[in-house]
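Read through the structure below, which is laid out as structure tokens, and then see the notes.
Here, each number is a calculation from the coordinates, and none is a lab measurement. Owing to the predicted nature of the structure, the values given are computational and were not obtained by experimental measurement. Virtual Cβ from ideal backbone geometry, glycine too; neighbours counted across all protein chains shown.
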Amino acid sequence: MPTDEKHLLSLVRITPDEAKAAAVAYYDGNFKYVKIHSVAGNLVYAVEFQDGLELMIDAGNKTLLQVKLAKNSVFENARRAMKQ
């Protein structure tokens, strides 16, 4: 684990497992990974699922902050197909 990741994890109020559980409560997909990030000075967990959906979970209170779609994910391809 990189040193900066260890430092960020020492500052959070919830564990990576709690972030994963929160994300799975919002979306019941096949879990891929969870990783801590600092975004504009706020600590968030990025929880990604196998289908390319990524949920940004607040590292203090488990709030869903953002939903992202990976390029060429099932969702992104469906969104593009709908535009055509």
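What the table below lists for this structure:
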{"read-out": "Local net charge near Lys35, Cβ-Cβ under 15 Å (Lys/Arg +1, Asp/Glu -1)", "value": "-3"}
{"read-out": "From phi via Karplus (6.51, -1.76, 1.60), per-residue ³J(HN,Hα) for segment 78-84 in Hz, x at Gly/Pro", "value": "5, 4, 5, 5, 5, 6, 7"}
{"read-out": "Contour minus Cα-Cα distance for Leu64 and Gln50 (0.36 nm per residue)", "value": "3.2 nm"}
{"read-out": "Assigned charges on the beta-carbon of Lys, Arg, Asp, Glu; segment 3-83 dipole about Cα centre (debye)", "value": "280"}
{"read-out": "Which of Asn72, Phe31, Ser10, positive extreme of dipole for segment 3-83 (C-beta unit charges)", "value": "Asn72"}
{"read-out": "Given [x] 22, 13, 10; [y] 20, 16, 9; [z] 26, 13, 11, the label whose value is semi-axes √(5λ) of the Cα gyration tensor in Å derived from this model", "value": "[z]"}
{"read-out": "Within the chain, longest stretch clear of exposed trypsin sites (Lys or Arg not before Pro) (DSSP loop, no more than 14 other Cβ within 10 Å)", "value": "14-70"}
{"read-out": "Under 15 Å between alpha carbons - lysine pairs in the chain that sit 8 or more apart or on different chains", "value": "7"}
